[in-house]
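The values are calculated or read from the model by the stated rules, or taken from the named source; none is laboratory data. Because the structure is a prediction, the values reported are computed rather than measured. Note: ideal-geometry Cβ built from the backbone for every residue, glycine included; neighbour counts use all protein chains shown. Note: accessible area is taken over every heavy atom of the protein model, side chains too, but ligands, DNA and RNA are not part of it. Shrake-Rupley method; radii C 1.70, N 1.55, O 1.52, S 1.80 Å.
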Amino acid sequence: TTPPTPLDLSGDGGCLMTTLREPLPTAARASAGVYATVRFRAALADGTVLHDSWEGEAPPLQVRVGAEPSDAALGWDLALPRMRVGQQVRLECGPSYAYGDAGAPPLIPPSSPVTFELELLSVRDLMSSHNPDEVDFVERYRELVATKERAKAGRATEG
């Protein structure tokens, strides 16, 4: 069999995504604003494993898709909205799409490419939740956003 062709997510070759396992056609997509639960492995080019939530006791990670500032590496921001629950991918990220020029010393040296394997386990949309705690969270979030917008509008009229 022919190996799958990587998809250039960044348009500059800096973030390549290869599907390792296809999702079911009806699986939910990780659209902007949802919370995605992701199992992942991260490794440096020399094979040093930085994190592996398939091994040991490390729990999956939950990130908000499309959050600003981002909850994850830029490569994840490019990949997650293209993924569906059950899909597993390999992301080959140059430094600009991983941890940048600074890296994350001492674990991740400056300007290091990182390979991630991601499996999208589930997505949760708080905006359509019926859980009382989550509904309260959504209301508090909307209030914070409205307060921020009012403050921004007030600054614009002062200047």
Every pair of residues 6+ apart whose Cβ atoms lie under 9 Å, when the first sits in region 106-125 and is in contact (Cβ under 8 Å) with a residue 40 or more places away in the chain and open to solvent by 60 Å² or more (accessible area, probe 1.4 Å) while the second is of a type in the set (S, T, N, Q) and in a strand (DSSP E or B): Arg124/Thr37; Arg124/Gln62
Any hit, region 30-42, residues being closer than 16 Å to Leu9 by Cβ, out of contact with any helix residue (DSSP H, G or I) (no Cβ under 6 Å at 6 or more places or on another chain), modelled with pLDDT under 90 and surrounded by 17 or more Cβ atoms within 10 Å (Cβ to Cβ): no
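Looking at Asp12, Asp71, Asp46 in this structure, which one is at pLDDT 95 or above, within 25 Å of Ser112 (Cβ to Cβ) and open to solvent by 60 Å² or more (accessible area, probe 1.4 Å)?
Asp12
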Residue within region 104-125 that is modelled with pLDDT under 65, aliphatic (A, V, I, L, M) and outside any loop (DSSP other than H, G, I, E, B) present: no
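Restricted to region 18-41, and to residues that are among the hydrophobic types (A, V, I, L, M, F, W, C) and within 13 Å of the chain's Cα centre (by Cα), which residue is farthest from Pro113 (Cα to Cα)?
Of the residues in region 18-41, the ones among the hydrophobic types (A, V, I, L, M, F, W, C) are 20, 24, 27-28, 30, 32, 34, 36, 38, 40.
Checking the rest, the ones that are also within 13 Å of the chain's Cα centre (by Cα) come to 30, 32, 34, 36, 38, 40.
Numbers: Ala30: 25, Ala32: 26, Val34: 27, Ala36: 24, Val38: 20, Phe40: 16 Å.
If we take residues in region 18-41 being among the hydrophobic types (A, V, I, L, M, F, W, C) and within 13 Å of the chain's Cα centre (by Cα), then Val34 is farthest from Pro113 (Cα to Cα).
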